[in-house]
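Here's the structure we're looking at; comments come further down.
The values are calculated or read from the model by the stated rules, or taken from the named source; none is laboratory data. Worth saying up front: this structure is predicted, and the values here are computed from it rather than measured. When we count neighbours, we look across all protein chains shown, and the Cβ atoms used for this are built from the backbone with ideal geometry, even at glycine.
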Amino acid sequence: MDTLQEVLHAYSIRPFYIEKQTERLYMVQDYNQQYALKHSRLTEETIVMWEQVYKLAYEEYLFPILPVYLTKLGKLYEKKGELIYYVTPWKESRETELDQSTIDKIFQSFGLIHMKTKRRHLVEVQQFKQAFQQYKQHCLTLQQQLLTFVEEYEQHRFMSPFELLVCTQFKDVNYSLNETIRRIDQLLEEQEETWYYSLCHKNIKTSHTLVDQGQLYFINWENAGFDYPIFDLVAFFQEETKHYDTPTNMLLRGFDKYMNENELTKKELYLLVIQLLDPQAYLSCVKNHKQANTSMMKQIIHLQHTFRRILFGLHLSAHVEKNV
């Protein structure tokens, strides 16, 4: 606790109560208000980008980025030895409910951030095309491997529950591979060298959002960087679509809200779909089935998670068809 007291002293905060919330998060109460004290995972290498996040938030009025307090010396963080701490306003934390209103706010908010921080990025067209031509061949190889596994399973007089599930899902997964190949061909037709980078959270999920008095905030920007904005979308979709009760229609409507804030180009939409339909995790699960050290139940759960993500990718592909 002495270290925490020293950190808070750097902010002129005199706490009378400190409560540990998680391994790295503390709720701090002084005589005026509550604060969130974070023991971060920031390093000397990552802190420069982290500071840039808050500089951009200030310059571009990015209200969905939860602000941090300044120390008495005007710094965004306080360092003790190799440990880096920072302080934000305390917002009553709760599990963000994925109703339509909240989903819309999430998409509108990071659509706004992506749009306001957009930067032109040039790619070498031939290298880009070569990489996706190779990926297309890889998908064709995976498609043949999947068929081989299914044919092998069908030779068994009694299939295991895992094998039966793979055979049941084969039609949809095979279709998703065909859809991936179609989208790669469409992407390869795009000859432009201009793409766009935006400020990306790089770990976006509902547990990294807070809603306070109608305002939605994104927290935990420690992994942030500039990248293709679709990667934030992919990360969010993959985290939220692995469950059996995925609110697919609400997520698709939320995506429309994102497009209203930061309209993606055709090639960005193609790349988004290709990323969401990525079959590698599913095929790895099938390939490793016999040698896996985990129980049959855990393997089936993992297979279902990867399959649901692929199914959502198919839904999104159909949804964006009208936009390309």
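In the range 192-208, what residues are over 19 Å from residue 118 (Cα atoms) and out of contact with any helix residue (DSSP H, G or I) (no Cβ under 6 Å at 6 or more places or on another chain)? Break it down stepwise before answering.
Within the range 192-208, the subset over 19 Å from residue 118 (Cα atoms) is 205-208.
Once the filter is applied, which keeps residues that are over 19 Å from residue 118 (Cα atoms) and out of contact with any helix residue (DSSP H, G or I) (no Cβ under 6 Å at 6 or more places or on another chain), the range 192-208 yields 206, 207, 208.
When restricted to residues that are of a type in the set (D, E, K, R) and modelled with pLDDT under 90, the range 206-229 contains 1. Summed over the range 208-221, residues that are over 23 Å from residue 83 (Cβ atoms) and either crowded, with 17+ Cβ neighbours inside 10 Å or under 14 Å from the mean Cα position of the chain (by Cα) (or both) total 6.
For every residue, the table says whether it meets (1) surrounded by 12 or more Cβ atoms within 10 Å (Cβ to Cβ); (2) closer than 28 Å to residue 266 by Cβ.
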site	(1), (2)
149	yes, no
152	no, no
169	yes, no
173	yes, yes
183	yes, yes
186	yes, yes
189	no, yes
197	yes, yes
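Has the range 98-118 got at least one residue that is out of contact with any Cys (no Cβ under 6 Å at 6 or more places or on another chain), exposed (fewer than 12 other Cβ atoms within 10 Å of the Cβ) and more than 28 Å from residue 246 (Cβ to Cβ)? The answer is no, given that none of the residues of the range 98-118 is out of contact with any Cys (no Cβ under 6 Å at 6 or more places or on another chain), exposed (fewer than 12 other Cβ atoms within 10 Å of the Cβ) and more than 28 Å from residue 246 (Cβ to Cβ). Search the range 222-247 for residues being of a type in the set (Asp, Glu), assigned to a helix (DSSP H, G or I) and touching a residue at least 40 places away in the same chain (Cβ under 8 Å), and hand back the single one that is surrounded by the fewest Cβ atoms within 10 Å (Cβ to Cβ). Top of the filtered list is 240.
Among the residues that make up the range 277-295, is at least one of them touching an Asp or Glu at 6+ places or on another chain (Cβ under 9 Å), closer than 20 Å to residue 110 by Cβ and either surrounded by 18 or more Cβ atoms within 10 Å (Cβ to Cβ) or basic (Lys, Arg) (or both)? For the range 277-295, residues touching an Asp or Glu at 6+ places or on another chain (Cβ under 9 Å), closer than 20 Å to residue 110 by Cβ and either surrounded by 18 or more Cβ atoms within 10 Å (Cβ to Cβ) or basic (Lys, Arg) (or both): absent. All of 45, 92 fail the test of being in a loop (DSSP other than H, G, I, E, B), more than 19 Å from residue 224 (Cα to Cα) and not β-branched (Val, Ile, Thr), apart from 92. Filtering 69, 17, 31 for residues that are at pLDDT 95 or above and aromatic (Phe, Trp, Tyr) leaves a single hit, 69.
Could you go through the range 30-47 and let me know if any residue there is on the phi > 0 side of the Ramachandran plot and free of Cβ contacts under 8 Å to residues at least 12 places away in the same chain. Walk me through it before giving the result.
Filtering the range 30-47 down to residues on the phi > 0 side of the Ramachandran plot leaves none.
No: zero hits.
Being in contact (Cβ under 8 Å) with a residue 60 or more places away in the chain and outside any loop (DSSP other than H, G, I, E, B) is the filter; apply it to the range 10-29 and report the residue that is farthest from residue 72 (Cα to Cα). Among those residues, the one meeting the criterion is 27.
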